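> Okay, handing you the structure first.
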Amino acid sequence: RTDKLPALGALVDPPAESEERQAALKAFYEDANGDALVIDKWFMLQAAASSSDTLKNVKALSKHEGFTLKNPNRVRSLYGAFGGNMHIFHGEDGKGYEFLADVIIQLDSINPQIAARLLGSFAMWKKFDEKRQAMMKAQLLRILDKKGGLSADVFEVASKYAKA
């Protein structure tokens, strides 16, 4: 089943409204027949897409029947891939930063180790232009300011990155 991934990868960059894209993604998911590794790759490909609607698609995928925050591999496949998506995560509007910070805050109470790992997307914030630096640091500070506190894992990593 993974032999079809390169072809599917070529189809994920057109906008989501593309009929070919939707048909191919649906067929691939159905062909996966519950194979967790293949489904993880299905989520990952979509989160790594460089199309302008990727953030919207990632938000929709977070509500997909095959997604759960309680599956660490599924979380990494969707949110880890999104955090590594240079085109979309680092968009000029900062919406990618805000979205991933929301996910980290939500995930912290479910799986603090994975939440801390997702913070790695913010690790190099000082390497970006001033506008992006300010937006990334603001999200790190927002994470640190979470009502009810943070796990030790997330607090340690977020504090380290915010002070960098």
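The values are calculated or read from the model by the stated rules, or taken from the named source; none is laboratory data. No experiment lies behind these values; they were computed from the predicted model shown. Reconstructed Cβ throughout: ideal geometry from the backbone, glycine too, with neighbour counts over all protein chains shown. Surface areas here come from the heavy atoms of the whole protein model, side chains and all, with no ligands, DNA or RNA. Shrake-Rupley method; radii C 1.70, N 1.55, O 1.52, S 1.80 Å.
> Can you say whether LEU61 is closer than 18 Å to ALA24 by Cβ and modelled with pLDDT of 95 or more, as far as the supplied structure shows? So that I can check it myself, show each step before the final result.
Values: closer than 18 Å to ALA24 by Cβ: yes; modelled with pLDDT of 95 or more: yes.
Yes: the conditions hold for LEU61.
> So is GLY83 closer than 30 Å to LYS26 by Cβ, without any contact (Cβ under 8 Å) to a residue 40 or more places away in the chain and crowded, with 18+ Cβ neighbours inside 10 Å or not? Spell out how you get there, then give the answer.
Working: closer than 30 Å to LYS26 by Cβ: yes; without any contact (Cβ under 8 Å) to a residue 40 or more places away in the chain: yes; crowded, with 18+ Cβ neighbours inside 10 Å: yes.
In short, yes.
> More than 14 Å from the chain's Cα centre (by Cα) and outside any helix (DSSP H, G or I): does that describe GLY34? Write out each step before concluding.
Details: more than 14 Å from the chain's Cα centre (by Cα): yes; outside any helix (DSSP H, G or I): yes.
So GLY34 passes the test.
> So which of LEU144, LEU150, LEU107, LEU100 is more than 20 Å from GLN46 (Cα to Cα) and in contact with a Ser or Thr (Cβ under 7 Å, 6 or more places away or on another chain)? Step through it out loud before you land on a result.
Numbers: LEU150 fails: in contact with a Ser or Thr (Cβ under 7 Å, 6 or more places away or on another chain); LEU107 fails: in contact with a Ser or Thr (Cβ under 7 Å, 6 or more places away or on another chain); LEU100 fails: more than 20 Å from GLN46 (Cα to Cα).
When all the criteria are applied, what remains is LEU144.
> Report, by residue number, each residue of the range 86-101 that is open to solvent by 70 Å² or more (accessible area, probe 1.4 Å) and not basic (Lys, Arg). Break it down stepwise before answering.
Here is the first cut: in the range 86-101, the ones open to solvent by 70 Å² or more (accessible area, probe 1.4 Å) are 86-87, 92-93, 95, 98.
Scanning the range 86-101 gives MET86, HIS87, GLU92, ASP93, GLU98.
> Is there any pair linking a residue in the range 129-145 that is assigned to a loop (DSSP other than H, G, I, E, B) to one that is crowded, with 17+ Cβ neighbours inside 10 Å and of a type in the set (Asp, Glu), with Cβ under 7 Å and at least six apart or on different chains, and which?
Qualifying pairs under 7 Å: none.
> Please find, within the range 146-158, the residue that is nearest to GLY83 (Cα to Cα) out of those that are loosely packed, with under 15 Cβ neighbours inside 10 Å and either at pLDDT 95 or above or in contact with a Pro (Cβ under 8 Å, 6 or more places away or on another chain) (or both).
Our first condition is that a residue be loosely packed, with under 15 Cβ neighbours inside 10 Å; within the range 146-158, this holds for 147-149, 152, 156.
Add one more test, that the residue is either at pLDDT 95 or above or in contact with a Pro (Cβ under 8 Å, 6 or more places away or on another chain) (or both), and what stays is 152, 156.
Numbers: ALA152: 22, GLU156: 19 Å.
Residue satisfying both the conditions and the ranking: GLU156.
> Look through LYS59, LYS70 and report the one residue that is touching a residue at least 40 places away in the same chain (Cβ under 8 Å), outside any helix (DSSP H, G or I), open to solvent by 30 Å² or more (accessible area, probe 1.4 Å) and not aromatic (Phe, Trp, Tyr). Outline the logic, then answer.
Details: LYS59 fails: outside any helix (DSSP H, G or I).
One residue alone meets the criteria, LYS70.
> Considering only residues that are open to solvent by less than 30 Å² (accessible area, probe 1.4 Å) and small (Gly, Ala, Ser), look in the range 25-56 and name the one that is nearest to GLU92 (Cα to Cα).
By that ranking, first place goes to SER51.
> Of all the residues that make up the range 83-126, how many are among the basic types (Lys, Arg) and either modelled with pLDDT of 95 or more or closer than 19 Å to ASN71 by Cα (or both)?
Here is the first cut: in the range 83-126, the ones among the basic types (Lys, Arg) are 95, 117, 126.
Of the ones still in play, those that are also either modelled with pLDDT of 95 or more or closer than 19 Å to ASN71 by Cα (or both) are 95, 117.
The number of residues fulfilling the criteria is 2.
> What's the number of the only condition in (1) in contact with a helix residue (DSSP H, G or I) (Cβ under 9 Å, 6 or more places away or on another chain); (2) part of a helix (DSSP H, G or I); (3) loosely packed, with under 14 Cβ neighbours inside 10 Å that LEU118 fails to meet?
(3)
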